[in-house]
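J.: Before we start, here is the structure in question, set down as structure tokens.
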Amino acid sequence: MAALSLCIHGHFYQPPREDPITGRIPDEHGAHPYHNWNERIHAECYRPNAELGNFERISFNVGPTLFEWMKSYDPTVHDLIVTQDRANLHRYGVGNAIAQAYNHTILPLSSRTDIITQIYWGIADFEHRFGRKPQGMWLPETAVDLETLSILADQGIEFTILAPWQAESEDLDLTEAYRVDLPQGSSISVFFYNSELSSCVSFNPSATSNADFFSQKELLTRYLPEKVRSNTPQLLLIASDGELYGHHQQFRDRFLAHLVNGASTKMGISPTYLSLWLKNHPPEKSVCIRENTSWSCHHGVLRWVGGCPCTPGDGKWKIHLRQAFDRLAFALDRLYVDVVKPYIPKPWTLRDQYIHVILGEVRFQDLVNSLAGTSLPEDVSLRIRYLLEAQRERQRMYTSCGWFFEDFSRIEPINNVAYAAQAVRLIRIATGVDLSSQIMDDMKHVTSARGGHRGDIVFQNQLNRAEELTRPLLR
């Protein structure tokens, strides 16, 4: 392997666009000439990058909910992406795709049981699609704490990617991997991306108009001279949203193809990916992380829990929304455990393994009976199924996109409220307990300065829609 290596990581993800009540993606006029933004971004980014073979030459993750949509919309591209990872697996013994926590929730703001579920579901989805265990996992918004890293390690994940400011170090060497020592004696490897290069790629279109120029002027100057002189292997990691390559910036899919298929090599730089680098260069140094930090908010994780300068305006609605959801989640969990535990001693194990039913890998009745140790009556199984579907909606309502932007009137937080409404409806069907008055009382404090929306009214409207429409409850 060459002494100078380059890894491009693409984080491919879009917020779920399906209407939470109907399950269908509505027409989005801004996406013209396509029906919705998923289709437009697919045409401008996912398909051309797959056709150019770029997924074989970079490190990448695809959000599970996005990949599920892609499988139904364009299975050829879905399978082409998987095939490109498999080519590296056959060639080097390690693939280049990594997993992602399932619903793109901010894990340090989640309960321990939710972190376990999100990581378990993300791993299961990856194994379902790629046919192998993932070595790495992308943390949504790279939001991190020691508990999350410990759970990653417990579930067999070997590495993740963080921003350099998420390290407790003043002299971080961005050209090598680090080891983070964890409680109970375990550890996990961490790659810190080069923030200057990543920002250049993401926000300076003129810098990426020519891959040859970029390789010479931007890449070569970033390697450490003392390591160059000693011929010590070093890695430059560039991390960005995958949609940058062709959607956010036109023709950057072609820039990427030339960069990893010739332009960098001519400069003596070898394209690689993180699993392969780690196989040949395990970390030699340890580092401590700064807990409750992320890559897209320099105020820790404040963006997803309250107001911060990243999203100007009154952020109090975010505080009230999260508090309302947290109180609802506590009530949903209590009812879930109360009903399930007399039949299944480990209700959270059942929730974790429910992903295999969602993916169509096992029959629901077989899963429930195996964990119960006996064949449960049909009416009991049905109640448990409703409760698990309520838990599925409960996971969805924490999708990070609902707090990312500046105002409650946007579609992302409205969709999160709709997931909460579905959870309330399902729990009422399963147990007879109506949690709507509780959350509506909490949601009246969630207001939109721009659109005039109020949380309790939005919730009631979404609950009414769920009651009126005939979408099957169990999918």
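The values are calculated or read from the model by the stated rules, or taken from the named source; none is laboratory data. As the structure is a computational prediction, the values presented were derived from the model and not from experiment. All Cβ positions, even for glycine, are placed from backbone atoms using ideal geometry, and neighbour counts span all protein chains on display.
J.: Here is a check on your reading of the model: is residue 33 part of a loop (DSSP other than H, G, I, E, B), assigned by TED's automatic domain parsing to the domain that holds residue 195 and within 20 Å of the chain's Cα centre (by Cα)?
T.: no
J.: Right, here's the next one. With 180, 201 as the choices, which residue is aliphatic (A, V, I, L, M), in contact with a Ser or Thr (Cβ under 9 Å, 6 or more places away or on another chain), surrounded by 16 or more Cβ atoms within 10 Å (Cβ to Cβ) and assigned to a helix (DSSP H, G or I)?
T.: None of the other options fit; the residue is 201.
J.: Among the numbered criteria (1) farther than 22 Å from residue 105 by Cβ; (2) over 23 Å from the mean Cα position of the chain (by Cα), which one does residue 337 miss?
T.: Result: residue 337 passes all but (1).
J.: Ok, one more. For residue 38, are the conditions met, namely being in contact with a Leu (Cβ under 9 Å, 6 or more places away or on another chain) and in the same structural domain as residue 252 (by TED's automatic domain parsing)?
T.: Answer is yes for this residue.
J.: Select from segment 183-198 the residues that are touching a strand residue (DSSP E or B) at 6+ places or on another chain (Cβ under 7 Å) and either without any contact (Cβ under 8 Å) to a residue 24 or more places away in the chain or in a helix (DSSP H, G or I) (or both) and list them in ascending order.
T.: Residues satisfying the conditions are 197, 198.
J.: Okay, moving on. Here are 253, 241: which of them is within 30 Å of residue 90 (Cβ to Cβ) and surrounded by fewer than 19 Cβ atoms within 10 Å (Cβ to Cβ)?
T.: 241
J.: Using the structure shown, decide if residue 235 is farther than 30 Å from residue 31 by Cα, surrounded by 17 or more Cβ atoms within 10 Å (Cβ to Cβ) and touching a Cys at 6+ places or on another chain (Cβ under 7 Å).
T.: yes
J.: Out of curiosity, is residue 85 buried (at least 16 other Cβ atoms within 10 Å of the Cβ), assigned by TED's automatic domain parsing to the domain that holds residue 272 and in contact with a strand residue (DSSP E or B) (Cβ under 9 Å, 6 or more places away or on another chain)?
T.: Taking the combined requirement at face value, the residue satisfies it.
J.: Do you know which residues across segment 415-453 are assigned to a helix (DSSP H, G or I) and among the charged types (D, E, K, R)?
T.: Within segment 415-453, 425, 428, 441, 442 qualify.
J.: Just to check your reading of the model, which residue among 394, 385 is more than 17 Å from residue 329 (Cα to Cα), touching a residue at least 60 places away in the same chain (Cβ under 8 Å) and in a helix (DSSP H, G or I)?
T.: Exactly one of 394, 385 is more than 17 Å from residue 329 (Cα to Cα), touching a residue at least 60 places away in the same chain (Cβ under 8 Å) and in a helix (DSSP H, G or I), namely 385.
J.: Right, something else. Identify, from the list 412, 467, the residue that is under 21 Å from the mean Cα position of the chain (by Cα), part of a helix (DSSP H, G or I) and not small (Gly, Ala, Ser).
T.: Only one candidate qualifies: 412.
J.: I need a count of the residues in segment 363-407 that are among the aliphatic types (A, V, I, L, M) and either over 20 Å from residue 421 (Cβ atoms) or touching a Pro at 6+ places or on another chain (Cβ under 6 Å) (or both).
T.: Within segment 363-407, residues that are among the aliphatic types (A, V, I, L, M) and either over 20 Å from residue 421 (Cβ atoms) or touching a Pro at 6+ places or on another chain (Cβ under 6 Å) (or both) number 8.
J.: Shifting gears a bit: Quick one: how many residues across segment 369-423 are farther than 30 Å from residue 26 by Cα and surrounded by fewer than 22 Cβ atoms within 10 Å (Cβ to Cβ)?
T.: So the answer is 15.
J.: Then there is this: So, restricting to helices (runs of 4 or more DSSP H) that lie completely within segment 233-350, which ones have at least 3 residues that are under 30 Å from residue 389 (Cβ atoms) and in contact (Cβ under 8 Å) with a residue 24 or more places away in the chain?
T.: 316-340
J.: Of everything in segment 204-217 that's part of a helix (DSSP H, G or I) and in contact (Cβ under 8 Å) with a residue 12 or more places away in the chain, which residue is nearest to residue 269 (Cα to Cα)?
T.: 215
J.: Turning to a different aspect of this structure: Considering only residues of segment 39-87 that are part of a helix (DSSP H, G or I) and among the hydroxyl-bearing types (Ser, Thr, Tyr), which is nearest to residue 122 (Cα to Cα)?
T.: Of everything passing the filter in segment 39-87, 65 is nearest to residue 122 (Cα to Cα).
J.: Within segment 243-251, can one find any residue that is under 27 Å from residue 51 (Cα atoms), at pLDDT 95 or above and hydroxyl-bearing (Ser, Thr, Tyr)?
T.: Within segment 243-251, one or more residues are under 27 Å from residue 51 (Cα atoms), at pLDDT 95 or above and hydroxyl-bearing (Ser, Thr, Tyr).
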